[in-house]
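Colleague: Okay, handing you the structure first.
Every number here is computed from the coordinates shown, using simple stated rules; none is lab data. Just so it is clear, the structure is predicted and the values come from calculations on it, not from any experiment. Cβ atoms come from the backbone with ideal geometry, glycine included; neighbour counts cover every protein chain shown.
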Amino acid sequence: MTSPYHVIDETLLTNLGFLLGKSAQIKDRLLDHYLAVEDITSSQAKVLFTVFFLKNQRSSDISKALNVDSSAVTRMLDRLEKKELIQRMADPDDRRSVFIELTTKGHEVTSRALPLANEAIDKLTECLTPDEKQSLQHCLGKIVNFFHTEECLLNNKKDTTC
């Protein structure tokens, strides 16, 4: 009989897809733990950070930036609005569209959450040497940059994010 607490199979530990996915799960769990003092989840923090750094975002922009389904972003924005962390503002150039902005409370929570998120990432990578961290950052950055460029070419986009 196999124990529910069995050791991860060695084959999985050499599979990059498994390792990337498992690392992302661990990262989100750590973020949830560190951000609990601000009463936000890792998913909520990602939305807040996106709005914080990329001003004047529409929900569709947030959805694309985070690669999350637009209905999931809408539900997340509803929760953040209920917590008074964001507000929806009418787009003066398009009545059908709204911009998402942080409220004063949202700015305060996000400003406190950023160092907490950094602490969580430090915890995630504490088992790595400084050279290993730099190498990991370099490799992941290379992958992200390559596929961002490819996505822009595939979608024939020429906007500022491409």
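Colleague: Please go through region 44-67 and give me each residue that is buried (at least 17 other Cβ atoms within 10 Å of the Cβ) and farther than 19 Å from Val98 by Cβ, ordered by number.
Modeller: Within region 44-67, Ala45, Lys46 meet the criteria.
Colleague: Now for a different question. Just give me the residues in region 86-105 being acidic (Asp, Glu) and surrounded by 12 or more Cβ atoms within 10 Å (Cβ to Cβ), in sequence order.
Modeller: Residues satisfying the conditions are Asp91, Glu101.
Conditions tested, residue by residue: (1) basic (Lys, Arg); (2) in contact (Cβ under 8 Å) with a residue 12 or more places away in the chain; (3) in contact with a helix residue (DSSP H, G or I) (Cβ under 6 Å, 6 or more places away or on another chain).
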residue	(1), (2), (3)
Thr14	no, no, no
Phe18	no, no, yes
Gly21	no, no, no
Asp28	no, yes, yes
Asp39	no, yes, no
Ser42	no, yes, yes
Asn56	no, yes, no
Ser59	no, yes, yes
Ala65	no, yes, yes
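Colleague: If I go through region 89-100 residue by residue, how many of them are closer than 20 Å to Ile40 by Cβ and out of contact with any helix residue (DSSP H, G or I) (no Cβ under 7 Å at 6 or more places or on another chain)? Reasoning before the result, please.
Modeller: Our first condition is that a residue be closer than 20 Å to Ile40 by Cβ; within region 89-100, this holds for 100.
Now narrow it down to the ones that are out of contact with any helix residue (DSSP H, G or I) (no Cβ under 7 Å at 6 or more places or on another chain): none.
Of the residues in that region, 0 qualify.
Colleague: Between a first residue in region 121-134 that is part of a loop (DSSP other than H, G, I, E, B) and a second residue that is surrounded by 10 or more Cβ atoms within 10 Å (Cβ to Cβ), which pairs have beta carbons less than 9 Å apart while being 6 or more apart in sequence or on different chains?
Modeller: Hits for this filter: Thr125/Glu132; Thr125/Lys133; Thr125/Leu136; Leu128/Ser135; Leu128/Leu136.
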